[in-house]
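The block underneath contains the structure these notes are about, expressed in C-alpha cells.
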Amino acid sequence: MFVCIHGQQLPAEVSGGLLSEFAYTFSPLVEETGPNTVVIDVEGCGLRFGSDYELANEITKQAKAERPGGLGFKVNVALAANPDAAIHAAKFCPGVTFTAPGEELTCIGNLPLKALQHSLAGVQEPQAVEILETLRLWGVHTFREFAELPVAGVSERMGQDGLKLRELASGKTIRHLKLRQAAPEFNNAIELEYPITELEPLAFILARLLNQICANLNAYALATNALQVEMKLERGAVHEIKLSLPYPMRDHKVFLKLLLLDTEMRPPPAAVVGISVNCEPVKPRVMQTGLFIPLAPEPEKLELMLARLAKLVGAENIGSPELLDTHRPDAFRVKRFELKEKKRRRANSKQQTVNSDQQSAISNQQSTLGFRVFRPPLRAMVQAEGGCPREISAWNKNKSVHGKVVRVAGPWRTTGEWWRTDTWARDEWDVAIEASGQWAVGSGQKADGLESKEIGIHTQVLYRIYHELPNGAWFVEGVYD
C-alpha cells in the first residue's frame, strides 16, 4: 500500500523539506512528488499502527500537531494500491481517502481529465495537451470515461502516450517510487558518556567515526585530502587536529594512524568528552600503472613514514628542499613533500635525435669540471698578504686541506639582505694549493681561469674558499674534481 500526503495551503518552508522529514517518521521509503506532495510506502507499517486506515488517521492527527513533532496544518491523506492513484485521490479528495485494490475508479473515476497528472506517466506536456483535446472533442470528460475506452482503439489513434494516460486515468499504473536520496554527509560526531584520558580508548572512538566517513566516501566514489578533528575537552576547551594530505585518499586505517601520531606529538591538555570528524570530499586521484609492477613507493605507506619521522625529528624538519629566490648562498627551505604526476609528452623521432646529439656533445666536452661541496664547510686558518690568501690550513675528522697557495683567482664579493639581522657579505676565491695525496686534477682542466698541472711530485688542487666580512672567518667551501 502507498500513502500520499498532500497539503494545499502549506507554507514554503513546510512544503520544501519539513514535509519530507515528517513523512520519514512513518516510513523510510519516501518520494517527493511535488513541492507540497509526498508518497510513502507503508508496506508492513500496519503491524505498528493496527491497520492501514488507522495509519492514515494517525498521519492526519500528527500533521495537525504543532512542530517539531507535527506540521501545524491540515493535510489530505489517501491510501491506494499504487502511488499514482493515491496522488490523484490526495490532491482532489479532502480528508482521508481509502481505495481498495481494483476499486480505484470508485474514488477517482469522477475526476475531470484536466486533473490528470500526465508527468506521472512520463508524457510530455505538448503530447498530453493534444490527447486531452482530442478526448474533449470525442465527448470524454472524466477518468472513468477515458478508462472505459477500448485499448486497441486508443493505441491506434493516440499511440503509446495515449495508452500511458489511459492506465493513469484508470489507476492501474505500476511503477517504483523515486526515493528521495538523502544528502551525503562526510562528517560524524559523538558525545561521550565518560571523559577519555588514554590513547587506546580514543583510538577506538576515532576508528568508529572514520569507518563511517570512509564508507560514505566509497559509496559516492570520492576521497579527501583534508581531515579535521575537533575534540571537546573538559571545561569547554577544544583541541583541533588538521591533516592536509598531499593527495586524496579514503583509507580509514591510514587516517587513524596519522591522527594517533599527531595526538602523540600534541596530546590534548585535558580529558576528551566529545569528538567530531569532518572531511572535504574531492575526486580521487587516478593513475595508470603497470599490471604487474606495484606503485613504488606506495602513497599511503610513504605518508605514514613521513608522519613517523615528523614525530621523531619535528614536522619542520621533514619535507622536500626548495631553493629560495635569493642570492644568499645555500638558501633553501623545507616544504611539505608532495607526489606530483608527470605528464607524458610524445616527442617525434627528429626531436629525440636532436636531444640525444646535444647530450652527447655535452658529455664529450673535455673542459667540464665537477665541484664537490663540503657540508659543512671547513673552517680554515688563512695567512693573507694584502687581503689575498697565501697559505691555508683547514681540517676536520674526515678531511684536511693545507698548503701554500700557488695560484689564485678572485675575489668575487657577494652581499645582500642588509635589512635582516643575519645579512651576509663575503669574498670568494678559487685557489690552487700545492699538495700531494689529495684530490688530483688532471692537466689541461680549468676553473675560472686557473689551470691545474703537475709540478714534479706535487699536485695542484683547486679549491673554492671564502672570507666572511662581518666576522672575518675563513672557510673552504669545496673542491673541483
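Points worth noting:
- Extreme residue, nearest to Ser170 (Cα to Cα), among residues of region 44-90 that are among the hydrophobic types (A, V, I, L, M, F, W, C) and part of a strand (DSSP E or B): Ala80
- Count of region 102-131 residues, restricted to those that are surrounded by 12 or more Cβ atoms within 10 Å (Cβ to Cβ), part of a helix (DSSP H, G or I) and among the charged types (D, E, K, R), is 1.
- Enumeration of residues in region 220-265 that are within 14 Å of Asn188 (Cβ to Cβ) and in a helix (DSSP H, G or I): His252, Phe255, Leu256, Leu259
- Hey, Glu66 modelled with pLDDT under 80 and within 18 Å of Lys178 (Cβ to Cβ) or not: no
- For region 132-168, filtering for residues that are more than 15 Å from Ala85 (Cα to Cα), assigned to a helix (DSSP H, G or I) and charged (D, E, K, R) leaves 6.
Conditions (1) out of contact with any Ser or Thr (no Cβ under 9 Å at 6 or more places or on another chain); (2) farther than 27 Å from Ala331 by Cβ; (3) surrounded by 14 or more Cβ atoms within 10 Å (Cβ to Cβ), marked per residue:
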position	(1), (2), (3)
Pro376	yes, no, no
Gly387	yes, no, no
Glu391	yes, yes, yes
Asn396	yes, no, no
His402	no, yes, yes
Arg413	yes, no, no
Gly416	no, no, yes
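- A count restricted to region 392-404 and to residues that are within 17 Å of Glu468 (Cα to Cα) and either out of contact with any Leu (no Cβ under 7 Å at 6 or more places or on another chain) or not in a strand (DSSP E or B) (or both) stands at 2.
For every residue, the table says whether it meets (1) at pLDDT 85 or above; (2) in contact with a helix residue (DSSP H, G or I) (Cβ under 9 Å, 6 or more places away or on another chain).
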residue	(1), (2)
Glu43	no, no
Ala80	yes, yes
Ala86	yes, no
Phe92	yes, yes
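The values are calculated or read from the model by the stated rules, or taken from the named source; none is laboratory data. What you see is a predicted model; the values in this text were computed from it and never measured. Neighbour counts are summed over all protein chains in view; Cβ atoms, including those assigned to glycine, are modelled from backbone coordinates with ideal geometry.
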